[in-house]
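Undergrad: Next up is a structure, given as structure tokens.
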Amino acid sequence: MKDVKIESVLTVYDTLEELPEGIVSLMKKASEARLNAYAPYSKFLVGAAILLDNGEVVIGNNQENASYPSGLCAERTAIYYAGAKFPKAKIVTMALTAGSQMQATTSPIPPCGACRQAIAEYEVKQDTPIEIYFMGETGKIVKSNSLANLLPLGFDRSFL
Ligand code: THU
């Protein structure tokens, strides 16, 4: 037997000012989308903005439902919309921001497991890494060069 070590390298930025202008503007669009989230039950608002290789930006936010599991996260709302509207485009970058209406959210909020799986599907489909930036409402920003860093040992089409 042998042990296998799995390593992921992420980059942490203290402030948005450390990031390139294009990323700041994408994160701004994610913040605007966050404010339009429909989250009356959790009061936890999430916004996503996706930059495509055709220059288009697609946004999404979480959409909740009185039947709780029928709701959808911001990341999947955005990525499925991108897939529906621009099926041939590749996803270059995703900017994610999340915050609670009950308390200040100052630490970076990573995408949930189901959203990582959904994003992984597109990364495999397009055979190009998707760059992901995530943050709270304020505070540090985390960058992952690829979804694979956030979902080691992922399940994908190669197993089918
Ligand atoms: N949520 C997202 O939109 N993205 C995530 O990655 C984690 C959770 C939403 C789902 C639900 O509307 C609320 O946040 C609380 O879980």
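What follows draws every value from the coordinates through simple rules; no lab data is involved. Model, not experiment: these values are computed from the prediction. Glycine also receives a Cβ, built like all others from the backbone with ideal geometry; neighbour counts cover every protein chain displayed.
Undergrad: For the pairs K29/K125; K5/K29; K29/K88, note any where the Cα-Cα span goes beyond 32 Å.
TA: K5/K29
Undergrad: Further question on the same structure: Under a crude label model (7 Å from the Cα following the beta-carbon direction), how far is V9 from S100 in nanometres?
TA: 3.4
Undergrad: Calculate the dipole size of the chain relative to its Cα centre from +1 charges on Lys and Arg beta carbons and -1 charges on Asp and Glu beta carbons; express the result in debye to the nearest 20.
TA: With only Lys, Arg, Asp and Glu charged at Cβ, the dipole is about 360 debye.
Undergrad: For the chain, I need the span (max minus min coordinate) of the C-alpha atoms along each principal axis, in Å, sorted largest to smallest.
TA: Each principal axis gives a Cα extent; for the chain these are 48, 38, 35 Å.
Undergrad: Just to confirm a number: summing +1 for Lys and Arg and -1 for Asp and Glu over residues other than I109 whose beta-carbon lies under 12 angstrom from that of I109, what do you get?
TA: Charge balance near I109 sits at 0.
Undergrad: Sticking with this one: Say the dipole of the chain comes from +1 at the beta carbon of Lys and Arg and -1 at that of Asp and Glu; which of A66, A39, A114 then lies farthest toward its positive end?
TA: A66
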